[in-house]
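Below is one structure; the comments refer to it alone.
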Amino acid sequence: QKEVEQDPGPLSVPEGAIVSLNCTYSNSAFQYFMWYRQYSRKGPELLMYTYSSGNKEDGRFTAQVDKSSKYISLFIRDSQPSDSATYLCALKGGNDMRFGAGTRLTVKP
Amino acid sequence: NAGVMQNPRHLVRRRGQEARLRCSPMKGHSHVYWYRQLPEEGLKFMVYLQKENIIDESGMPKERFSAEFPKEGPSILRIQQVVRGDSAAYFCASSPTRGGGAFHEQFFGPGTRLTVL
């Protein structure tokens, strides 16, 4: 079993849809939960991070962490074509950082 | 403030040759991380360095791969005697301080795409 599981997609939605991206993990030592966005041929950039369980909102983006279920989510409201990218979850505990495989999202106009 | 710089952006090598990938961290950052990305597999941690020190190389293959971050100049990831399986995108990230238990954002470079013929 991988430490971090993420469905690679691809996921295609119409503009304006609500997008739900998810990761599950197995190591309870992870304390920080991050979402990165990676455009084609670019390096990942940090979108949001959360510490411990709960929700965090930033504009159209909401990150959700459920440590009891070892499950994290990223919701994108009113999705735009510019949101088309690969989204990677990342989890950190101590010096260890682990990434999910990334979900490729396409938002169609 | 320039971001993390990596060069070359694309590198083509024949089997058996050496590949050298360079990474200049953001100004003021003294911690560098190298990752490898294969299609559909996400980012795999390789090594974490501070100036003149390797802090964590648990993700580095035991043979042919080495990394350094000298007092002056960029960090170098060196792959000797490359094989086709080394073809991947290699990303460098930097952060201002040590990882440890706190959160410090890692800023990623644009990557070097290595193709081994």
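Nothing in this text is a laboratory measurement; each read-out follows from the coordinates by a stated rule. This one's a predicted model, so the numbers in the text were calculated from it and none came from an experiment. Here Cβ is always computed from backbone atoms with ideal geometry, including for glycine, and neighbour counts include all displayed protein chains.
Things worth noting here:
- Here the label points at B:ARG14 and B:SER87, each 7 Å from Cα along the C-beta direction, are separated by 1.6 nm in the simple model.
- Straight-line cross-link reach from A:LYS2 at under 27 Å between alpha-carbon atoms covers these lysines, not counting any fewer than eight positions away in the same chain: A:LYS42, A:LYS56, A:LYS67, A:LYS70, A:LYS92, B:LYS44, B:LYS62.
- Sequence-distant lysines (8 or more away, or on other chains) whose Cα lies within less than 21 Å of B:LYS51: B:LYS27, B:LYS71
- Neighbour count of at most 11 Cβ within 10 Å plus DSSP loop: longest GluC sites (Glu not before Pro)-free window in chain B: B:73-117
- Amide proton proximity set for A:ASP7, modelled H, under 5 Å, gap of 5+: A:ASN22
- Cβ-placed point charges (K, R +1; D, E -1), dipole of chain A about Cα centre in debye, nearest 20: 180 debye
- Computed label-point distance, nm, for sites B:GLU52 and A:TYR51 using a 7 Å Cα→Cβ extension: 3.3 nm
- Rounded to the nearest 20, the size of the Cβ-charge dipole of chain B about its Cα centre is 420 debye, with Lys and Arg at +1 and Asp and Glu at -1.
- The stretch B:54-62 - phi-based ³J(HN,Hα) in whole Hz, Karplus 6.51/-1.76/1.60, Gly and Pro as x: 9, 8, 8, 10, 5, x, 7, x, 5
- Among A:GLY43, A:GLY16, A:THR106 - extreme Cα towards positive end, dipole of chain A, charges at beta-carbon: A:GLY43
- Taking amide H atoms as placed 1.01 Å from N in the peptide plane, the amide H of B:VAL47 lies under 5 Å from those of B:TRP34, each 5 or more residues away in sequence or on another chain.
- Candidates per trypsin sites (Lys or Arg not before Pro) in the stretch A:54-109, loop by DSSP, up to 16 other Cβ within 10 Å: A:ARG60, A:LYS67, A:ARG77
- Given charges at beta-carbon only (K, R positive; D, E negative), |dipole| of the protein assembly as shown in Debye: 720 debye
- Selection from B:VAL47, B:GLY73, B:TYR90, by position along the positive dipole direction of the stretch B:33-105 (Cβ): B:GLY73
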